[in-house]
Amino acid sequence: MAFKFKGVDFIEFDSLLNDDERLVRDNTRQYIEDNLIPIIEQCNRDGRFPKELIKPFGEMGFYGASLKGYGCAGMSNVEYGLVMQELERGDSGIRSFVSVQSALCMYPIYEFGTEEQKQKYLPGMAKGEILGCFGLTEPQFGSNPGGMLTKAKKVGNEYVLNGEKMWITSGSIANIAIIWAKVEDEDNKVRGFIVETDRPGFSAFDVHGKWSLRASVTSGLAMQDVKIPASNLLPKSGGLKSPLMCLNQARYGIAWGGVGAAMSCYDTALQYSKERKQFRNQPIASHQLVQEKLAWMISEITKGQLLVLQVGRLKDAGKVQHYHISMAKRNNIWMALECARMARDVLGANGIADDYPIMRHMMNLESVKTYEGTHDIHTLIIGSQVTGIDAF
Ligand code: TGC
Ligand code: FAD
């Protein structure tokens, strides 16, 4: 049976947080403990996204949590990160849902939108009454979104959109899609558009048969002559830099999320190893090889916490660079995946069963390693920064 989470703090990490940060973390932890942990294994088994949590998440202030005004909670980046950590300790798919709504849909409206667009969408999105998805990836263009084929053409007071997007989180449950397209009349400049998903010519179909993020909706989007008012253009967007700026926000949250998933796996393995007895009726925690795994996990989690906290402090100070965020996303998701594999090993056969959260985290983290820039793309972003040479 799953254990009650005891928290993970080896080096008095909590002393690096202020009272507000600890309060946000503790409130989110309790909420997830009470409302997500009891249902998540069944959701994962059923391949069901728990829609019943959409509105309560809004009441908790999770959506657009680090944005100011428009009904958003106005949290610091560190507080926002701690929310992401606790959500992903529950499940990566649930953190993903909140990340997409916040970092990939509310943020571009906030950053690139008009005041009218902000007033129209952000308060409803903060409450969970309007859901968003983010369409950048296409069937033929994942790591290389600059090659996208989706086109927007200005015709009178409208834009006409044609193209396909693939692997889109929340695609079929979203009310609006932030679609990135090349504008034909502007030398194929990439720009962002708010597309209401009930427009004629817009369709979404779900990806089935996923072994990962089973509690999250993943969809393909097709747009055939979808007409939107010209006022749906995000006017301050322009160039590939704009969607990449959104990715920075999401990747930052994911880096905290990795700590959460790793904490869940480590804590489960630690508690299990003290109870499970093998050879001379001794707990397996007494064996050196098991201790080596636990020591590795707690060391790497601690390093991951320090890394993402420093990146969060830089972000709050307005000094963060995209390559700082790449290092945190790359390291922390690798670390979390390794923790999941090691923790699964510590539980032996029980590790593969969904009585425990480990295998679910492991499968989820395989997606997290790939999306928002694969592990290797982040390696190349760091490599580019230190050498000054792009190797993409
Ligand atoms: P490149 O020529 O390097 O860059 C184009 C312009 O953008 C600037 N830039 C950035 N700006 C802000 N933030 C960043 N992270 C930036 N990276 C680059 C760059 O300075 C340049 O500016 P300018 O002014 O000179 O025009 O572009 P490239 O085509 O060579 O590609 C670079 C590369 C490979 C790093 C980029 O394309 C990339 O990051 N690829 C990965 C794609 C990706 O991460 N997709 C994610 C899709 S969304 C998703 O997965 C959601 S999952 C659900 C969830 O979040 O939970
Ligand atoms: P590819 O780009 O084909 O890469 C395949 C392999 O080749 C990887 O190992 C990669 O690292 C490697 N590779 C590629 N180029 C290079 C290079 N230059 N050098 C070295 N190695 C390279 N996208 C969205 O727009 N919105 C979403 O909401 C969204 N949600 C997602 C949800 C899930 C569950 C998943 C799995 C994906 C989601 N994505 C989303 C898409 C995701 O961002 C892409 O899958 C990701 O960017 C990688 O693209 P790809 O899958 O096409 O892999």
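The values are calculated or read from the model by the stated rules, or taken from the named source; none is laboratory data. As the structure is a computational prediction, the values presented were derived from the model and not from experiment. All Cβ positions, even for glycine, are placed from backbone atoms using ideal geometry, and neighbour counts span all protein chains on display. For accessibility, only protein heavy atoms count, side chains too; no ligands or nucleic acids. Shrake-Rupley method; radii C 1.70, N 1.55, O 1.52, S 1.80 Å.
Scanning the range 197-206 for residues that are open to solvent by 60 Å² or more (accessible area, probe 1.4 Å) and not in a strand (DSSP E or B) returns 198, 199, 200. Once the range 218-231 is narrowed to residues that are open to solvent by 10 Å² or more (accessible area, probe 1.4 Å) and more than 16 Å from ligand 2 (Cβ to nearest atom), the residue that is farthest from residue 150 (Cα to Cα) is 231.
All of (1) open to solvent by 70 Å² or more (accessible area, probe 1.4 Å); (2) modelled with pLDDT of 95 or more hold for residue 392 with one exception: (2). The C-beta contact set for the range 240-254 (first residue at pLDDT 95 or above, second residue among the acidic types (Asp, Glu) and within 8 Å of ligand 1 (Cβ to nearest atom), distance under 7 angstrom, 6+ apart or interchain) comprises 247/372; 250/372; 251/372; 254/372.
For the range 15-30, enumerate the residues that are open to solvent by less than 50 Å² (accessible area, probe 1.4 Å) and either assigned by TED's automatic domain parsing to the domain that holds residue 364 or within 24 Å of residue 272 (Cα to Cα) (or both). Give the steps one after another, and end with the answer.
First, the residues of the range 15-30 that are open to solvent by less than 50 Å² (accessible area, probe 1.4 Å): 17, 21, 24-25, 28-29.
Once the filter is applied, which keeps residues that are open to solvent by less than 50 Å² (accessible area, probe 1.4 Å) and either assigned by TED's automatic domain parsing to the domain that holds residue 364 or within 24 Å of residue 272 (Cα to Cα) (or both), the range 15-30 yields only 29.
Just the residues that are in contact (Cβ under 8 Å) with a residue 12 or more places away in the chain, under 16 Å from residue 344 (Cβ atoms) and either open to solvent by 40 Å² or more (accessible area, probe 1.4 Å) or in contact with a Lys or Arg (Cβ under 6 Å, 6 or more places away or on another chain) (or both), please, taken from the range 286-308. 293, 296, listed by residue number. Counted as qualifying within the range 125-196 are the strands (runs of 3 or more DSSP E) with 3 or more residues that are within 30 Å of residue 381 (Cα to Cα) and more than 12 Å from ligand 2 (Cβ to nearest atom), namely 176-183, 189-196. Considering the range 133-154, and only residues there that are buried (at least 20 other Cβ atoms within 10 Å of the Cβ) and away from ligand 1 (no atom under 13 Å from the Cβ), the residue that is farthest from the chain's Cα centre (by Cα) turns out to be 152.
Considering only residues that are in contact with a Ser or Thr (Cβ under 8 Å, 6 or more places away or on another chain) and among the aromatic types (Phe, Trp, Tyr), which ones fall in the range 120-136? Result: 134, single match.
Test of understanding: among 130, 179, which residue is of a type outside the set (Phe, Trp, Tyr), closer than 16 Å to residue 104 by Cβ, open to solvent by 30 Å² or more (accessible area, probe 1.4 Å) and touching a residue at least 40 places away in the same chain (Cβ under 8 Å)?
Selected residue: 130, the only one of 130, 179 that is of a type outside the set (Phe, Trp, Tyr), closer than 16 Å to residue 104 by Cβ, open to solvent by 30 Å² or more (accessible area, probe 1.4 Å) and touching a residue at least 40 places away in the same chain (Cβ under 8 Å).
Of everything in the range 341-355, what is over 16 Å from residue 290 (Cβ atoms) and either open to solvent by less than 40 Å² (accessible area, probe 1.4 Å) or assigned by TED's automatic domain parsing to the domain that holds residue 88 (or both)? Give them in sequence order.
Correct list: 353 only.
Does the range 250-264 contain at least one residue that is among the polar types (S, T, N, Q) and either within 16 Å of ligand 1 (Cβ to nearest atom) or surrounded by fewer than 21 Cβ atoms within 10 Å (Cβ to Cβ) (or both)?
Within the range 250-264, the subset among the polar types (S, T, N, Q) is 264.
The next check asks that each one be either within 16 Å of ligand 1 (Cβ to nearest atom) or surrounded by fewer than 21 Cβ atoms within 10 Å (Cβ to Cβ) (or both); those that pass are none.
The answer is no; no qualifying residue exists.
Selection of helices (runs of 4 or more DSSP H) fully inside the range 302-391 by the criterion of at least 3 residues being away from ligand 2 (no atom under 16 Å from the Cβ) and under 19 Å from the mean Cα position of the chain (by Cα) returns 322-346.
The requirement of being in contact with a Cys (Cβ under 6 Å, 6 or more places away or on another chain), over 14 Å from residue 177 (Cβ atoms) and part of a helix (DSSP H, G or I) is fulfilled nowhere in the range 83-99; no residue meets it.
Within the range 209-227, count every residue that is outside any strand (DSSP E or B) and in contact (Cβ under 8 Å) with a residue 12 or more places away in the chain. Reasoning before the result, please.
In the first step, residues of the range 209-227 are kept if they are outside any strand (DSSP E or B); the result is 209-217.
Adding the requirement that they be in contact (Cβ under 8 Å) with a residue 12 or more places away in the chain leaves 210-217.
The total comes to 8.
Does residue 359 meet the test of being farther than 20 Å from residue 303 by Cβ and among the aliphatic types (A, V, I, L, M)? Yes, satisfied. Taking the listed residues 44, 18, 27, the one that is under 27 Å from residue 218 (Cα atoms) and either among the polar types (S, T, N, Q) or in contact with a strand residue (DSSP E or B) (Cβ under 9 Å, 6 or more places away or on another chain) (or both) is 44, with no other qualifying. Once the range 155-170 is narrowed to residues that are touching a Phe, Trp or Tyr at 6+ places or on another chain (Cβ under 8 Å) and more than 10 Å from ligand 1 (Cβ to nearest atom), the residue that is farthest from residue 210 (Cα to Cα) is 159.
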